[in-house]
Amino acid sequence: VYQNNTSFKGKAIDIDNNGNLIVLSNNKQIILNSGEITIR
């Protein structure tokens, strides 16, 4: 996953009511909106 040109590995665990993707990475939950992410 890329966020603001920063790459990290994570596992998508949920999508919230606003359609944001919730990713678990290094035991931290990161909330990504659709405009921030690129999945390759």
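Which residues, counting only those in the stretch 20-36, are part of a loop (DSSP other than H, G, I, E, B) and at pLDDT below 85? Break it down into steps so the answer makes sense when it comes.
So in the stretch 20-36, the residues part of a loop (DSSP other than H, G, I, E, B) come out as 20, 26-27, 33-36.
The answer is N33, S34, G35, E36.
Within the stretch 1-9, is even one residue in contact with a strand residue (DSSP E or B) (Cβ under 8 Å, 6 or more places away or on another chain) and at pLDDT 85 or above? Give the derivation first.
We begin by selecting, within the stretch 1-9, every residue in contact with a strand residue (DSSP E or B) (Cβ under 8 Å, 6 or more places away or on another chain); these are 1-3, 8-9.
Those left that are additionally at pLDDT 85 or above: none.
No.
The values are calculated or read from the model by the stated rules, or taken from the named source; none is laboratory data. Note that this is a predicted model, so its numbers are computed, not measured. Reconstructed Cβ throughout: ideal geometry from the backbone, glycine too, with neighbour counts over all protein chains shown.
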